[in-house]
Amino acid sequence: MSQQDDIIARLQSKLKARQKTIDVLMDAAEQRAQAGSSSLEILAQNVNLERVVQRKTEILTRQGDQLKQALHDLQLTQARLLQAQKLESVGQLAAGMAHEINTPAQFISSNIDFLEESFASTAQLIDMLQQVLQAISLGQCLHEAESGAKDMLAGLDWEYLSTEIPVAIRQSKDGIRRITTLVQAMKEFSLPGSKEMELHDLNRILQNTITVAKNEWECCADIETRFEKNLPQVFCLANEMGQVFLNILINAAHAITNKYPDRKEKGKITITTSSQPESVQVCMEDTGTGIPENIRSRIFDPFFTTKDVGTGSGQGLAISLDVIEKKHQGHLSFISETGKGTTFIVQLPTGNR
């Protein structure tokens, strides 16, 4: 991105220089005319001037086309960087999501095995009771059938099953709901979003982000959400906003992990949403290591990272800044205290677009 910016800056400088040359030539022609030059001289000067202007105009047009192409290339580069970072995030989260889905899937499977065994035992008891009812209807001796039914009922341990079967059903339903929530959150996070600004609920985007990133933070931190009820919706690109919140959340989890590497103590991440007179504000506060003063001015620089090689590309916060401030005309800032933690503040305008 910095190379594209340099190209654009050079082209803009050349355009200004060409325009200045034309202005100087025009001024010179006017001065000669005012000094009383002959009509022939003025005509010759005008012809020369027209040639110069035509030549400079062609150069300006060609360089303008180059500038447009450079801007187009820059936009493509930004889009590819965002998509690459999203794919990196999805890959990073995939293993954790698999684990989160596997846990409820396992106890659902165990509960189904239990219910299958319980049904088989209960079916045997029902068969025996049907035999007792048949014996009663035929007026046969009931002693033998009654004794068999009592033995089977005792072996079935209905008192235990009547307690555990509802628990198994309830747990399985909860597990299915958890899996559904995880899959839906991942689907909303990873699918390509609309290219047009639409009204979205930031509380929902944040909740989805918390869900898909659970494996990143739950081992090192507790999350507290303070979402304002009836928070005004904002015009935004939901997919890209989810990526911004994910970048900040993962950074918070890593900062807490660095503070408590042995994981004997957990940190805390607090996410707050609130409405302002003309904006909606999201604060994401962590109790991690904080950002050292000597690097605070660089954290939004592309490719700047304090993480080990292979664990961070240095694009997360740079892309987040671009998404918030350039695409949404919002504001991204932070407050940090070394050793105590960092708060990132996202402000998005609520005006109609």
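The values are calculated or read from the model by the stated rules, or taken from the named source; none is laboratory data. Every value quoted in this text rests on a predicted model; they were computed, and no experiment measured them. Please note: Cβ atoms are built from the backbone with ideal geometry, for glycine as well, and neighbour counts cover all protein chains shown. The protein model used for the area step is the full one, side chains on, heavy atoms only, and it has no ligands, DNA or RNA in it. Shrake-Rupley method; radii C 1.70, N 1.55, O 1.52, S 1.80 Å.
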- Query: Only one of (1) part of a helix (DSSP H, G or I); (2) in contact with a Gly (Cβ under 8 Å, 6 or more places away or on another chain); (3) open to solvent by less than 30 Å² (accessible area, probe 1.4 Å); (4) at pLDDT 90 or above is not met by G290, so which one is it?
  - Reply: (1)
- Query: When you scan region 276-287, how many residues do you find that are touching a Ser or Thr at 6+ places or on another chain (Cβ under 8 Å) and either surrounded by 14 or more Cβ atoms within 10 Å (Cβ to Cβ) or more than 18 Å from Q233 (Cβ to Cβ) (or both)?
  - Reply: 8
- Show the residue pairs that are 6+ apart or on different chains and have beta-carbon atoms under 7 Å apart, the first residue being within region 53-67 and under 13 Å from S13 (Cα atoms) and polar (S, T, N, Q), the second being open to solvent by 90 Å² or more (accessible area, probe 1.4 Å) and part of a helix (DSSP H, G or I). Q63/K14
- Of the conditions (1) surrounded by 18 or more Cβ atoms within 10 Å (Cβ to Cβ); (2) modelled with pLDDT of 90 or more, N247 clears all except one; give me its number. (2)
- Looking at V280, is it among the β-branched types (V, I, T), within 25 Å of T350 (Cβ to Cβ), part of a strand (DSSP E or B) and touching a residue at least 40 places away in the same chain (Cβ under 8 Å)? yes
- Note on the structure: Checked against (1) at pLDDT 90 or above; (2) open to solvent by 50 Å² or more (accessible area, probe 1.4 Å); (3) touching a strand residue (DSSP E or B) at 6+ places or on another chain (Cβ under 8 Å), N352 satisfies every condition except (1)
